[in-house]
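Remarks on the structure that follows.
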Amino acid sequence: MKIQLTHPCTVREIAHVTGASPSPDLSWDAPVRSVATHSDEVEEATLFLALKGENTSGLRFHSEVLRRGGYTMAQEKTEKGLLVPSVTEALYRLANAHLRSLRRLRHTVCITGSVGKTTTKEILWHVLSGSLCLHATVGNQNSDIGLPLTVLAAPEDTELLLLEAGMNHKGELSRISRLVHPSLAIITGIGHAHIGNLGSREAIAEAKKEILLGATEDATVLIPQGEPLLDGIKGAKRVGNCGTGEYSLCRADGRLCLCTKGGARVFFPEKMQDSAMICDTAFAVAAALSLGLSPSLIEERISVLKDNIFRQKTFCKNGTEIVFDAYNASFESVMNAIGQLCDKECETRALLLGDMQELGVHTDRLNRYVAEAIAERRKRISFLFLFGENANGIAAHACEAGFPSDRIFTNADADRPEASAADIRKICREGTCLFIKGARGMRMERILDILIGEKGENADVR
């Protein structure tokens, strides 16, 4: 990731904020115009953050940084470098100093949760644009490194920071919260993502609640209706299906809308049918109402939401509808995908499922739940294609639960996507709907590219 500094500065200013010690061959007056975390993004006057990972260090790329005219910030002495005790701590100090310089900043919205963070953020950005000067997380740069870099890139006229905060381990959201001090915090849900690192949904919930540790005293907190693991958050407002929440999904005049306890209503577009999409939109609408936008303005803006806001993409090739939803594959999103496929009105329904990943010791248990859910819907799901190292295990669970073995195709070799594509082509014909779901690390798009052609030749995209 690379960001341009709103106000280019000098090595002297960087050292003053971070406590860094520049090497003797680096001028204190040398300009710094950008900050990068990848060496191939470095250009003249770029500060390269030599972050340390589990298996590697950014210092490996120091010579490349020098060749490109940049400087390296590292925890070891380098040529034309800045020495710091912690590169990450230095980044947070830079972000904090810049944050304090944003004189027009009125609101900081921070969104976390196991599912729906990015889509909720994109919808809220669309709704708020034109009402406030926004600066938002780009794409899914929501890590404990991506977020402070996002803050560091905020223009000086920013009125609202719209931040997406992800986490893999306990303590990450605490640090983020104490940096940005959210005035509006959203926890979209507690699922099983990263359960391999944290051990239980209870531990995940505690880690997600860290987003509140640095929140302002009068912060608005939005949480999902019906999630007992978030009970006890003082002043939190519930968003969801049950009519007892501050923001409740209901039907009025035959249309879906979000209703407030005060009687305000925001009607959703009729084309919005997917439950995950509705949930993400509900959080965005509740946030916009909390920020003072009128129901009529919000309704107008969500009525023209563009399809590319949503992660799911649909293709049509030779009469086969292909739904591609492989940005992530938490247990909850996989279960939602199964439901979506079963709701499709078509002759043949097929599911291509890649590994969920990052489930740790819970992998087999959650795979079994997924397999049982598929087997329960065997009258609606005609074929099951499994891809990745868990393929055979899921197939065994599905067969045990009653799914016909002759309708299951397995490919445990993730390096051979063409094998899965060949199996799919055997059954795909006009009137088939194929739903592709899998973790980002599975690179499910390799199978999609084979099915529709790498450039999508003769494939309609919706």
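Just so it is clear, none of the values below were taken in a lab; they were calculated from the coordinates. Just so we're clear, the structure is a prediction, and the values are computed from it rather than from any experiment. When we count neighbours, we look across all protein chains shown, and the Cβ atoms used for this are built from the backbone with ideal geometry, even at glycine.
What to note about this one:
- Only beta bridges with both residues in the range 102-308 are counted; by DSSP, about 30 percent of them are antiparallel.
- Taking V84, V151 and counting other C-beta atoms within 10 Å, the order from fewest to most: V84, V151
- The distance separating the Cα centre of the range 386-457 from that of the range 95-133 comes to 37 Å.
- Among H98, H16, a tally of other beta-carbon atoms within 10 Å of each Cβ gives an order, fewest to most, of H16, H98.
- Where [x] 23, 50, 26, 1; [y] 17, 24, 17, 15, 11, 8, 4, 3, 1, 0; [z] 22, 43, 30, 5, 0 are the candidate values, the label of the one calculated here for P(r) over Cα pairs in 20 Å bins from 0, in percent is [x].
- Inter-probe distance in nm under a simple model that places probes 7 Å from Cα toward Cβ, at E227 and R429: 4.5
- Label point of K77 set 7 angstrom out along Cα-Cβ; within the range 15-36, amide nitrogens under 15 Å from it belong to 21-26.
- Fraction of the pair-distance distribution of the range 180-239 above 20 Å, Cα-Cα pairs, percent: 24
- For the chain, a crude dipole built from +1 on the beta carbon of Lys and Arg and -1 on the beta carbon of Asp and Glu, taken about the Cα centre, is about 620 debye to the nearest 20.
- Cα→Cβ-extended label distance, 7 Å offset, between E202 and R251, nm: 3.9
- Which of L213, V285, G69, positive extreme of dipole for the chain (C-beta unit charges): V285
- Full-extension gain in nm, M335 to R416, via 0.36 nm per residue minus C-alpha separation: 26.6 nm
- Euclidean distance between Cα centres, the range 239-269 to the range 1-19, Å: 46
- Fully extending the segment from D25 to K271 would add 82.4 nm, taking 0.36 nm per residue of separation and subtracting the current Cα-Cα distance.
- Per-residue [θ]222 nm for the chain (sum of -39500 (n - 2.57) over DSSP H runs n ≥ 4, rounded to 500): -9500 deg cm²/dmol
- Spatially, the range 334-383 and the range 65-88 are offset by 48 Å when compared through their Cα centroids.
- Projected over every direction and averaged, the convex hull enclosing the alpha-carbon atoms of the range 312-461 yields 7.7 nm².
- The order of S39, S129, S405, going from fewest to most other C-beta atoms within 10 Å of their C-beta, is S405, S129, S39.
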